[in-house]
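The values are calculated or read from the model by the stated rules, or taken from the named source; none is laboratory data. It should be emphasised that the depicted structure is a prediction, and the values quoted were computed from it without experimental measurement. Here the Cβ positions follow ideal geometry from the backbone for every residue, glycine too, while neighbour counts run over all protein chains shown. Each accessible area value is taken on the protein alone, full model and side chains, heavy atoms only, with ligands, DNA and RNA left out. Shrake-Rupley method; radii C 1.70, N 1.55, O 1.52, S 1.80 Å.
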Amino acid sequence: MTTIDLNTADNLSVQQIRSFCVVFEKQSYAAAATELKLAVPTIWEQVRTLEKQYQAALFVRRGRGIQSTPTAELLYQSLRSLLSGLDSTFDLVREEGGNYPRTLTLVTGARMMLEDLGRPLKQFRDRFPQICLRLLHDHDKDAEELVARGEADLALTLEPGPGLVGPGIVSQRAYQIDYLAVFPKRHPLARKKTLTLADLAAHPLIVGHFKTYGRQLLEEAFHHAGLLERVTVVAETDTSAFTIACVRAGMGVGVVAGRSAGLLSRDLVTRSLASHLGQAWIAFLWKRGKHLTVAVQTLVQLISKAAKM
């Protein structure tokens, strides 16, 4: 049996762990130094000390940059959770003493704010009148970045695709929505109860930009059907609200993730694309290892419950 030096972990410092985690996330000593407001040599020395403790290389040079080793990837999964959990203990203790935070920051998209969140946010305020809700508009990777940097307590966004969530983030499904085609009532497609991919390809489309997961699913579906070359995209957006605004302007057929009876699509026709693109999910994102306070847990529960009503 291997003998474990019980003093090894005692020699680690929180600053060393934090420096390593940020270097791993940024894949750069300089970027980590900027974020942590420390000198580059200080960051380098802290990571080097960690390498000595674990007797393993964590980063190697690749040209003018660095690359994390498999050991670093393994270590990051544990240390980021440990660090996030440690940071969040201060909030837990303050809340236990009745000292709730002044603000709780939620980052989400325009469609969710307009169609899904009114009731649960009001319910949250009724329960926690001392907490000011700070609501930010962003989604996908930008929302994830805000959570990872600690600038948002929680994100609510379209569920990222498989393998697209960063290693420092937890993704938990909140509720289902649908991929929809949206068009005016007098549009030729309004006569059809169900749509084929060929139906969509025959009309100008307003879709999410190429980095969005929904756009990737749509292009894969067109590709498998042999229709990708026939598709005409007239506008790319990063929010369903913008897509539907373009639809109302008569620019084409919109493809969004949303609700068929939602506020944004009122007076428009919607058709489900679930048979072509699958089911869409809205997901909560928070920092891996973070202990959610009672206030954040309550907000998660209220949002999930309201979506099922």
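Which condition from (1) open to solvent by 10 Å² or more (accessible area, probe 1.4 Å); (2) at pLDDT below 90 is the one that L83 breaks? With (1) open to solvent by 10 Å² or more (accessible area, probe 1.4 Å); (2) at pLDDT below 90 applied to L83, the lone miss is (1).
With respect to L75, is the statement that it is surrounded by 15 or more Cβ atoms within 10 Å (Cβ to Cβ) and without any contact (Cβ under 8 Å) to a residue 40 or more places away in the chain true? Spell out how you get there, then give the answer.
Working: surrounded by 15 or more Cβ atoms within 10 Å (Cβ to Cβ): yes; without any contact (Cβ under 8 Å) to a residue 40 or more places away in the chain: no.
No.
The lone criterion from (1) open to solvent by 10 Å² or more (accessible area, probe 1.4 Å); (2) outside any loop (DSSP other than H, G, I, E, B); (3) in contact with a strand residue (DSSP E or B) (Cβ under 6 Å, 6 or more places away or on another chain); (4) at pLDDT 95 or above left unmet by L189 is number (1). In segment 40-65, the residues that are in contact (Cβ under 8 Å) with a residue 12 or more places away in the chain reach residues that are surrounded by fewer than 16 Cβ atoms within 10 Å (Cβ to Cβ) and part of a helix (DSSP H, G or I) with C-beta atoms within less than 8 angstrom, at least six apart or across chains, in these pairs: Q46/Q15; Q53/N11; Y54/T71; A56/T71; A57/T71; L58/T71. Residues of segment 267-309 that are within 20 Å of L189 (Cβ to Cβ), of a type in the set (A, V, I, L, M) and surrounded by fewer than 18 Cβ atoms within 10 Å (Cβ to Cβ): A274 alone.
Listed here are the residues, each with its yes/no results for (1) more than 23 Å from L205 (Cβ to Cβ); (2) at pLDDT below 90; (3) not in a helix (DSSP H, G or I).
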position: F124; (1), (2), (3): yes, no, no
position: Q130; (1), (2), (3): yes, no, yes
position: R134; (1), (2), (3): yes, no, yes
position: V147; (1), (2), (3): yes, no, no
position: A152; (1), (2), (3): yes, no, yes
position: L156; (1), (2), (3): yes, no, yes
position: P160; (1), (2), (3): no, yes, yes
position: Q172; (1), (2), (3): yes, no, yes
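Close contacts from segment 266-282, counting a first residue that is among the charged types (D, E, K, R) and a second that is assigned to a strand (DSSP E or B) and open to solvent by less than 60 Å² (accessible area, probe 1.4 Å), with Cβ to Cβ under 7 Å and a gap of 6+ residues or different chains, come to R271/L180; R271/A181. Count of segment 8-19 residues, restricted to those that are without any contact (Cβ under 8 Å) to a residue 60 or more places away in the chain, in a helix (DSSP H, G or I) and either in contact with a Lys or Arg (Cβ under 8 Å, 6 or more places away or on another chain) or surrounded by fewer than 20 Cβ atoms within 10 Å (Cβ to Cβ) (or both), is 5. Only a single criterion out of (1) surrounded by fewer than 13 Cβ atoms within 10 Å (Cβ to Cβ); (2) within 18 Å of P167 (Cα to Cα); (3) not charged (D, E, K, R) is not satisfied by V22, namely (1). Which of the residues belonging to segment 43-64 are open to solvent by 30 Å² or more (accessible area, probe 1.4 Å) and either on the phi > 0 side of the Ramachandran plot or part of a strand (DSSP E or B) (or both)? Correct list: Q55, V60, R61, R62, G63.
This table checks each residue for (1) surrounded by fewer than 18 Cβ atoms within 10 Å (Cβ to Cβ); (2) in a helix (DSSP H, G or I); (3) under 26 Å from the mean Cα position of the chain (by Cα); (4) touching a residue at least 60 places away in the same chain (Cβ under 8 Å).
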residue: H203; (1), (2), (3), (4): yes, no, no, no
residue: I206; (1), (2), (3), (4): no, no, yes, no
residue: L217; (1), (2), (3), (4): no, yes, yes, yes
residue: A221; (1), (2), (3), (4): no, yes, yes, no
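For segment 223-250, the candidate set comprises residues that are hydroxyl-bearing (S, T, Y) and closer than 24 Å to L263 by Cα; within that set, the residue that is surrounded by the most Cβ atoms within 10 Å (Cβ to Cβ) is S240. The residues on offer are F90, F128, and the sole one that is open to solvent by less than 60 Å² (accessible area, probe 1.4 Å), aromatic (F, W, Y) and more than 24 Å from the chain's Cα centre (by Cα) is F128.
Among the residues of segment 20-31, the ones that are in a helix (DSSP H, G or I) and within 19 Å of T71 (Cα to Cα) come to 8 in all. Apart from one condition, A306 fits all of (1) among the hydrophobic types (A, V, I, L, M, F, W, C); (2) closer than 30 Å to Q130 by Cβ; (3) in a loop (DSSP other than H, G, I, E, B); the exception is (3).
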